[in-house]
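Below: one structure, written as structure tokens.
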Amino acid sequence: MSWIVILAITPPIIIAYYIIFSDKFTEPAPLIIKTFLLGFLITIPAGVLNNIFIWSKINSYELTYIAGITEESLKFLILHIFIKRKIDFNEPMDAIVYGTLISLGFATIENIEYVFEGEFNPYSIAIFRMFTAIPAHASFGIIMGYYYGMYAFNNDRTYLLKSLFFPIIAHSIYNYSTQLGPIFFLISLLIFYSAWRAHKIFVNLQREKLSENEKKLI
């Protein structure tokens, strides 16, 4: 059982480590930990909402796309209500870091649940999700963070709407595509690539900065 736990929690931790240290001006450890733990906690209301709107229905498997709405909305609220007020939230890359940490905190608990409560071999589930669901949650967080960073440091509210709308769409399409066979993997790759491009834009922006508070046009 201990190996299953390790297999379940290691992928999100590795991705979190990469995102944290891809930030040229690394965020404070206490806020990193709090943000990751808040991702843990929103699995509770997400579970309640998903049970109401998805799992209580007869055609529940066909409704899994709704999780894109419930889960990404809760992640967005943490970013918008809790993170934006912090003094350390002071440049666009921070939105990607914290947005991804929220998503990966959520994904860690969800992964443990799927591994231990799934119908199939737990090792198979853990390995499959290592390359699909975990990077998908990270990608949703990066996409949310990218548009939220554009909003927070450009004062353009259209980006605020995009920071919620695009992760919801990506997550919903991802969930629905699990029913579409090989197309699922193509859609996953497109989502991962979109997140990689968004992250790269902010990484390149940081390379030109000498200090965290230095303003650069996005």
* Provide the solvent-accessible area of L186, counting protein heavy atoms only and rolling a 1.4 Å probe, rounded to the nearest 10 Å². => 100
* Working from Cα positions, state the angle (0 to 90°, nearest 10) between the long axis of helix 183-207 and the longest principal axis of the chain. => 20
* Residue with peak Gaussian network fluctuation, the chain [Cα springs, cutoff 10 Å], from Y61, Y151, Y174 -> Y61
* Asked: Using Cα atoms only, what is the angle between the long axis of helix 157-177 and the major principal axis of the chain, expressed in degrees (0 to 90) to the nearest 10?
  -> 20
* Cα extents of the chain along the three principal axes, largest first, in whole Å? -> 52, 38, 31
* Structure fact -> Each label sits 7 Å from Cα toward the beta-carbon; between Y61 and T26 the label points are separated, in nm, by 4.5
* Fluctuation leader among H199, H137, H80 - the chain, Gaussian network, Cα springs under 10 angstrom -> H80
* Going from most exposed to least, what order do E119, E27 have by accessible area with a 1.4 Å probe? -> E119, E27
* Taking 0.36 nm per intervening residue step and subtracting the Cα-Cα distance, what contour gain separates W3 from I183 on full extension? -> 61.7 nm
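Would you mind counting up the charge near I32? Only other residues with Cβ under 12 Å from its Cβ, with Lys and Arg at +1 and Asp and Glu at -1. Please list the in-between numbers first.
On the way: positive: K34, K86; negative: D23, E27, D88, D94.
Residues close to I32 contribute a combined charge of -2.
Which order do the peptides 42-52, 9-19, 95-105, 68-78 take when ranked by the mean count of other beta-carbon atoms within 10 Å per residue, highest first?
Numbers: 42-52: 15.7, 9-19: 18.5, 95-105: 29.8, 68-78: 21.5.
Result, highest mean Cβ count within 10 Å first: 95-105, 68-78, 9-19, 42-52.
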* Does the range 144-218 classify as rounded, prolate or oblate by the C-alpha gyration tensor (a ≥ b ≥ c root eigenvalues; a/c under 1.5 gives rounded; else a/b over b/c gives prolate, otherwise oblate)? -> oblate
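Given a 1.4 Å probe, how much area per residue of the range 1-114 is accessible, in Å²?
48
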* Low-density loop positions, trypsin sites (Lys or Arg not before Pro), the range 121-218 - DSSP coil, at most 15 other Cβ in 10 Å -> K209, K215, K216
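The values are calculated or read from the model by the stated rules, or taken from the named source; none is laboratory data. Quantities reported herein were computed from a predicted structural model and do not represent experimental measurements. Note that we place each Cβ from the backbone using ideal geometry, even for glycine, and neighbour counts take in every protein chain shown. The area values use the complete protein model at the heavy-atom level, side chains included, leaving out ligands, DNA and RNA. Shrake-Rupley method; radii C 1.70, N 1.55, O 1.52, S 1.80 Å.
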